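What follows is a set of notes on a single structure, which appears directly below.
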Amino acid sequence: SQYRIIHPSDGEVRRIAAEGRIERDPAGRPIRMVGAHIDVTERAQAREMLRESEERFRLIADSAPVPMWVTRMDRTRSFANKAYVEFVGVPYEQALTFDWRTILHPDDAQRVVEESIAGEASLKPFVLGSGPIQLRRTVRFRLRPGGLDMSDLYWLTDEQMERLRPFFPKSHGRPRVDDRRVLSGIIFVNRNGLRWRDAPKDYGPAKTLYNRWKRWGEAGVFVRMMEGLAAAGADPRTVMIDATYLKAHRTASSLAVKKGGLAA
């Protein structure tokens, strides 16, 4: 057991661990107890500092917008932050044992697993796919229900296109690129918080998506779409957003602020 004392020389509080053992005679009767009182103050302080350090790390990691985890030397996971849990779409305890290799895109699986094994074996920092220091190649994932499924692309239906078409601006000069493909890509990028350059190739060039988003946004096309759809299906005087918070797009920090403050 442990207890604390106030040292008589300096008044400092010290933590003491008491250990003892009973010695017995051949008949099993106790004859004496041998014990020791050990000053474990420094050990206790080191353990408390480690606990506080781990707690600070957890708070910082959980506030990070990217998946983070800690793996022990035996390759078992001891920690996963909130972004990682949301990314794989399973409860925390399952996230600790989740095998991320099972959701790798088939075209990337062999390369990524080989890079991971080699990196871990080196016991040195390494970059897997997209890293914080250098961008090498992209790692694609196919996530389970509850997480983002990058292989499940979004496409506007014929009925939805018919409802949106009256709001399309007239095309001047050469015909526009496939409206369904471009608008579906714009929705997919915004819904999943992607960078334009990370848009799946199925939607065409990322520059085309961005240019359409920028041009039609500045022209008020998307605003008219929302107002028109809202007016057709509900009381246009009331607009309600049912959410506890709204995440800003990762590129929101690069948006220019107009002189005099934000436009209403």
Can you pull out the residues in region 197-238 that are touching a Pro at 6+ places or on another chain (Cβ under 8 Å), modelled with pLDDT of 85 or more and in a helix (DSSP H, G or I)? TRP216, VAL221
Would you pick out the residues in region 91-119 that are of a type in the set (Lys, Arg) and either within 23 Å of PHE79 (Cβ to Cβ) or in contact with a Gly (Cβ under 7 Å, 6 or more places away or on another chain) (or both)? ARG101
If I filter region 15-28 for residues that are modelled with pLDDT of 80 or more, of a type in the set (Val, Ile, Thr) and either out of contact with any strand residue (DSSP E or B) (no Cβ under 6 Å at 6 or more places or on another chain) or assigned to a loop (DSSP other than H, G, I, E, B) (or both), do I get at least one hit? no
Against the conditions (1) surrounded by fewer than 14 Cβ atoms within 10 Å (Cβ to Cβ); (2) under 24 Å from THR102 (Cα atoms); (3) in contact (Cβ under 8 Å) with a residue 24 or more places away in the chain, where does VAL66 fall short? Just the number, please. (3)
Between ARG14, ARG58, ARG4, which is closer than 30 Å to LYS82 by Cα and surrounded by 10 or more Cβ atoms within 10 Å (Cβ to Cβ)? ARG58
Based on what the data block shows, is ARG174 at pLDDT 80 or above and under 25 Å from ARG212 (Cα atoms)? no
Matching residues, region 90-138, being surrounded by 14 or more Cβ atoms within 10 Å (Cβ to Cβ), assigned to a loop (DSSP other than H, G, I, E, B) and at pLDDT 80 or above: VAL90, PHE98
Out of (1) exposed (fewer than 14 other Cβ atoms within 10 Å of the Cβ); (2) polar (S, T, N, Q); (3) touching a helix residue (DSSP H, G or I) at 6+ places or on another chain (Cβ under 6 Å), the one ASN81 does not meet is (1)
Please name all residue pairs, on different chains or six or more residues apart, with Cβ atoms under 6 Å, provided the first residue is in region 180-197 and is within 23 Å of PRO166 (Cβ to Cβ) and the second residue is of a type in the set (Phe, Trp, Tyr) and part of a helix (DSSP H, G or I). ARG181/TYR203; GLY185/TYR203; ILE186/TRP213
Does GLY217 fit the bill of being in contact (Cβ under 8 Å) with a residue 60 or more places away in the chain, on the phi < 0 side of the Ramachandran plot and surrounded by 12 or more Cβ atoms within 10 Å (Cβ to Cβ)? no
Specify the residue that is farthest from GLY217 (Cα to Cα); the eligible residues are those in region 186-204 that are small (Gly, Ala, Ser) and surrounded by fewer than 18 Cβ atoms within 10 Å (Cβ to Cβ). GLY204
All positions within region 61-89 that are assigned to a helix (DSSP H, G or I), modelled with pLDDT of 80 or more and either among the hydroxyl-bearing types (Ser, Thr, Tyr) or farther than 22 Å from SER116 by Cβ (or both): ASP62, LYS82, TYR84
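The values are calculated or read from the model by the stated rules, or taken from the named source; none is laboratory data. This structure is a prediction, so every number in the text was calculated from the model and none was measured. Glycine gets a Cβ as well: all are built from the backbone with ideal geometry, and neighbour counts include every protein chain shown.
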